[in-house]
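A quick write-up on the structure given underneath.
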Amino acid sequence: MDKILGIEDLTSVGTWRGVVAETIGVLVFVLVGTGTIIATGALDVLSGSVAGDATVLTGSARLVAIALGLGFTYMALVALTVGISGGHINPAVTFGAVITGRMSVAKGVVYVIGQVVGAIVASYILKAVLTDAAIGIEGTLGAVAWNAIAVDNLGAALVIELILGFVLVFVMLAAVIGPGDSASPVAPIAVGLIVVVGTLLAWGLTGAGMNPARALGPAMAADLWTDHWIYWVGPLGGAAIAGIIYDGVFTGRLFGNK
């Protein structure tokens, strides 16, 4: 039980280096990722269209820009932090590491606290530095919300977020966390592409949360909490399923096999 809880991890310098890396990593991810969402949504204002310039990035082009912004940023941050913190940059990934026994509960808790703090700080930075005109186009600071026109009901939205969390955490376990030091140098590319594809798939459905911290920061800064719980329960539930399948079927660790 002591090994599972890992209270002693809280006295390790390595743990707190990891917490700092995760805090900064999520801060950058939310700052760049949701900043891309805001900037592409407000491009007509930012380019001076009110004075006659009609340059606007909308529809499919905007979706691709958002997906690439989120995916490439996540890819880079995983690559940069994997040697320090494991490159989680997502509470769902940390949860997956904890439930598969690759990280102690105590260490996982402080990781998630750091991730949440980073996301909140990033969203308030955006709120402070952007003009009301830029933010006012959508007014959400990149907050996620499910689309009642495209998604049948709240339960279906929850399932979509669960699937997204499952795929992302499964790939993280298989490509990055599971192999550990033997992970391929190009493994972060696979993870980043999952974020790109997940965003392309679900942006118009649920906002493609995938990351509870990324959902929380904008929700707090914009005070938008409608059905926010699905952006925690979905990815965390998906992470739990990913951990069970990966260790139960692919590695055998769940049953004590080597």
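Comparing Gly86, Gly114, Gly155 in a Gaussian network model of the chain (Cα springs below 10 Å), the most mobile by mean-square fluctuation is Gly155. For the stretch 96-242, the spread of Cα positions along the three principal axes, ordered from largest to smallest, is 48, 35, 29 Å.
With the simple spin-label model, which puts each label point 7 Å out from Cα in the Cβ direction, the Ala61 to Ile241 separation comes to 3.7 nm.
Taking the longest Cα principal axis of the chain as reference, the axis of helix 105-129 is set at about 10 degrees. With the whole protein complex present, Ser60 retains an accessible surface near 90 Å², based on a 1.4 Å probe. Distances over 35 Å make up what percent of all Cα-Cα pairs in the chain? The answer is 15 percent, as a whole percent. Protection proxy ranking of 66-78, 237-249, by the mean of other Cβ atoms within 10 Å over each peptide's residues and highest first, is 66-78, 237-249.
Per residue, the chain reaches -20000 deg cm²/dmol at 222 nm when only DSSP H runs of four or more residues are counted, each adding -39500 (n - 2.57). Label-to-label distance for Leu68 and Ile125 is 2.3 nm, based on points extended 7 Å past Cα in the beta-carbon direction. The mean sequence separation of alpha-carbon pairs under 8 Å and at least six residues apart, normalised by the residue count of the chain, gives a relative contact order of 27 percent.
For the stretch 103-258, a simple Cβ point-charge model (Lys and Arg +1, Asp and Glu -1, everything else neutral) yields a dipole of about 460 debye relative to the Cα centre. If R0 is taken as 25 Å, the Cβ-Cβ distance between Glu8 and Ile113 corresponds to a FRET efficiency of 0.90. On the basis of the beta-carbon distance and an R0 of 45 Å, Asp132 and Ala183 show a calculated FRET efficiency of 0.50.
Surface composition of the chain: carbon plus sulfur atoms contribute 70% of the solvent-accessible area (1.4 Å probe, protein chains only, all chains present).
With the simple model of a label 7 Å out from the Cα in the direction of the Cβ, Val249 to Leu224 spans 3.5 nm. Packing here is the average count of other Cβ atoms within 10 Å per residue, and on that basis the peptides 169-175, 183-189, highest first, run 169-175, 183-189. Helix 230-245 and the long axis of the chain differ in direction by around 30°, with both axes built from C-alpha atoms. Solvent-accessible surface of the stretch 103-258, taken per residue with a 1.4 Å probe and all protein chains present: 44 Å².
The values are calculated or read from the model by the stated rules, or taken from the named source; none is laboratory data. Just so it is clear, the model here is predicted, and its values are computed rather than measured. Glycine gets a Cβ as well: all are built from the backbone with ideal geometry, and neighbour counts include every protein chain shown. We work out accessible area using only protein heavy atoms, side chains counted, and drop any ligands, DNA or RNA first. Shrake-Rupley method; radii C 1.70, N 1.55, O 1.52, S 1.80 Å.
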